[in-house]
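First the structure, in the form of structure tokens, and then the observations on it.
The values are calculated or read from the model by the stated rules, or taken from the named source; none is laboratory data. These numbers were taken from a predicted model, which means no experiment stands behind them. All Cβ positions, glycine included, derive from the backbone under ideal geometry; neighbour counts span all protein chains shown.
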Amino acid sequence: MPVSTVHLLRHGEVFNPNRVLYGRIPGYGLSELGFQMADRAGEYFAKRQAEGAHVVRLVASPLLRAQQTAQPTAQALGLPIITDDRVIEAGNSFEGLAQIKSHLKNPRYWPLLRNPLKPSWGEPYAAQVARMRQAMDAQRQAAVSEHGDGAEVIIVSHQLPIWVSRRAGEGKPLWHDPRKRECTLTSITSFEFDGDELRSVNYTEPSPDLLAGAANIPGA
């Protein structure tokens, strides 16, 4: 069976001085630090390619921050950016609000908190996993069809869809403590497949030295 790999790359730091939970709101692009992170990701994949990897396909969420993060990798590898709506940020009913903790004291929002395991305030974790896996399978199958055994795909997406996809791949419950997600800015979560069977999940951070000063507000 052909072997393939899907690398889920989280976008870089977003320019968000008002600390808004931006979710799917258009127009939220990378900060200066975010562009540095995107450059590091491009350097990481260029080095990987030089060492013999077969990275043949680059996909990104339609949101600006993901498209901008993909650009240095596109230039480094000479690949077009394929936009896939299935890897977009999670839907969230708190989208557009700043200082989320203060809003949780308002009874108006309490019904949204009734089931944190689903979660009730946004797109269900299971729905995110389903659409992400659909995109991952479609993109890697296309890559293998066009380029053969060992094809690798990069998909630039967002923290929560990446994290729940990893938990699903590792056979763990999808509910979790958001503060404990191992999915930093421009981190890479790699899914290795043997045919259609997921063989392993690996994690790496191309720019750990840039993380200390970054604003890491999840989009959802």
Do we have SER165 as under 16 Å from ILE88 (Cα atoms) and either surrounded by fewer than 23 Cβ atoms within 10 Å (Cβ to Cβ) or in contact with a Leu (Cβ under 8 Å, 6 or more places away or on another chain) (or both) here?
yes
Step by step: first the residues of the stretch 109-148, then only those that are buried (at least 16 other Cβ atoms within 10 Å of the Cβ), within 19 Å of TRP163 (Cα to Cα) and of a type in the set (A, V, I, L, M, F, W, C), then the one that is farthest from the chain's Cα centre (by Cα). Which residue is that?
TRP121
Taking the stated definitions as given, is ARG57 outside any loop (DSSP other than H, G, I, E, B), in contact with a helix residue (DSSP H, G or I) (Cβ under 9 Å, 6 or more places away or on another chain) and within 21 Å of ALA127 (Cβ to Cβ)?
no
When both residues are 6+ apart or on different chains and their Cβ atoms are under 8 Å apart, which pairs have a first residue that lies in the stretch 191-203 and is more than 17 Å from ASP149 (Cα to Cα), and a second that is part of a strand (DSSP E or B) and among the hydroxyl-bearing types (Ser, Thr, Tyr)?
VAL201/THR189; VAL201/SER190; ASN202/THR189; ASN202/SER190; TYR203/THR189; TYR203/SER190
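Quick grid of which residues meet (1) at pLDDT 95 or above; (2) touching a Phe, Trp or Tyr at 6+ places or on another chain (Cβ under 8 Å); (3) farther than 17 Å from GLU152 by Cα; (4) crowded, with 18+ Cβ neighbours inside 10 Å:
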| residue | (1), (2), (3), (4) |
| --- | --- |
| ALA41 | yes, no, no, yes |
| TYR44 | yes, no, no, yes |
| ALA50 | yes, no, no, no |
| ASN92 | yes, yes, yes, yes |
Please work out if GLY12 is in contact with a strand residue (DSSP E or B) (Cβ under 8 Å, 6 or more places away or on another chain), over 30 Å from GLU192 (Cα atoms) and in a loop (DSSP other than H, G, I, E, B).
no
